[in-house]
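Enquirer: Mind looking over this structure? Questions follow.
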Amino acid sequence: MKKIGHYLFYLIELAVVIELYSTLQNFYFYPSVFNFGHAEAFVLAFFTVLVFWFASFLYKSQLADKNEWGFNQPPYFSWWKLGVSALGFLIMMALYTLIMSVIGGGTSANQQDLDTLQQAAGPTYNVMVVFVGPVCEELIFRGFAINIFFNNKSRWVKWIAIVASGFAFGYVHDPTFSPFLLVYWMMGCVLGWVYMTTRDLRYSMLTHIMWNTLSVI
């Protein structure tokens, strides 16, 4: 019973972080609604840092309870881990090209919505897509999801975690099950592979940031 209560508490923490991320998206994607000025921008920056800190605190607290995988262990900087992050980015580019050639190209509904938001939101859109989004989504889909559902270490669990968390990432970005779901699923799997290989969320965040940067260049 105690274990079930612990599990439910983790799910509540995940739900809270998702809700906070959704709130941040509203502020960054619809700045005109909130009459953004310098003061509002400062408050948003402070709130963003606060969300980062709170989500990271919950993530590390979960690791303190159980961490068979050895996530978030020093040394935090490693050229090898940096190489894995860069390799993940290159793999993602190659697989993206392959999948797009198979499904016939085009633009996903999610990307069309983002393109519309980019024109309306202005600079705050870029901050969300390039930095805030990758940090929050890696915490949610890799950090919390794998800690909660796949925290027993084994080779099979590793790959199930990568595929399952990748699918969750893909479904959130394309809930219509269009062919573009394969693209987002692939992206989620590669990001999961980077996380499970480096055992450090910072490096899947870096891969995610590099990828999303391409969409605003």
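Every number here is computed from the coordinates shown, using simple stated rules; none is lab data. This is a predicted model, so every value here is computed, not measured. Cβ placement follows ideal geometry from the backbone for every residue including glycine, while neighbour counts extend to all protein chains displayed.
Enquirer: Using the Karplus curve 6.51 cos²θ - 1.76 cosθ + 1.60 with θ = phi - 60°, what ³J(HN,Hα) values do you get for each residue of the range 69-83, in whole Hz, with x for Gly and Pro?
Expert: 6, x, 5, 6, 10, x, x, 6, 9, 8, 5, 5, 5, 5, x
Enquirer: Whole-Hz Karplus ³J(HN,Hα) for the range 12-21, in order, using 6.51 cos²θ - 1.76 cosθ + 1.60 and θ = phi - 60°, x for Gly and Pro?
Expert: Residue by residue, the range 12-21 yields 5, 4, 4, 4, 5, 5, 4, 5, 5, 5 Hz.
Enquirer: While we're here: Quick check: net charge around Leu201, other residues with Cβ under 15 Å of its Cβ, Lys/Arg +1 and Asp/Glu -1?
Expert: Neighbourhood net charge equals +2.
Enquirer: Gap in Å between the Cα centre of the range 107-122 and the Cα centre of the range 133-158?
Expert: The range 133-158 and the range 107-122 have Cα centres spaced 28 Å from each other.
Enquirer: While we're here: Counting Lys +1, Arg +1, Asp -1, Glu -1, what net charge surrounds Tyr125 among other residues with beta carbon under 15 Å of its beta carbon? Don't skip to the answer; put the middle values down first.
Expert: Working: positive: none; negative: Asp113, Asp115.
Taking every other residue near Tyr125 into account, the sum is -2.
Enquirer: Among residues other than Phe27 whose Cβ falls under 14 Å from its Cβ, what is the net charge (Lys/Arg +1, Asp/Glu -1)?
Expert: Summing Lys and Arg as +1 and Asp and Glu as -1 gives -2.
Enquirer: Based only on other Cβ atoms within 10 Å, what is the fewest-to-most ordering of Phe177, Phe27?
Expert: Phe177, Phe27
Enquirer: Run lengths n ≥ 4 of DSSP H only: what is the helix-derived mean residue ellipticity at 222 nm for the chain, with -39500 (n - 2.57) per run over all residues, to the nearest 500?
Expert: -25000 deg cm²/dmol
Enquirer: I've got another one for you. Return the sequence-ordered ³J(HN,Hα) values of the range 148-164 in whole Hz as given by the Karplus equation 6.51 cos²θ - 1.76 cosθ + 1.60 applied to θ = phi - 60°, using x for Gly and Pro.
Expert: Result, rounded to whole Hz: 7, 9, 9, 8, 9, 6, 6, 4, 5, 4, 4, 6, 5, 4, 4, 5, 5.
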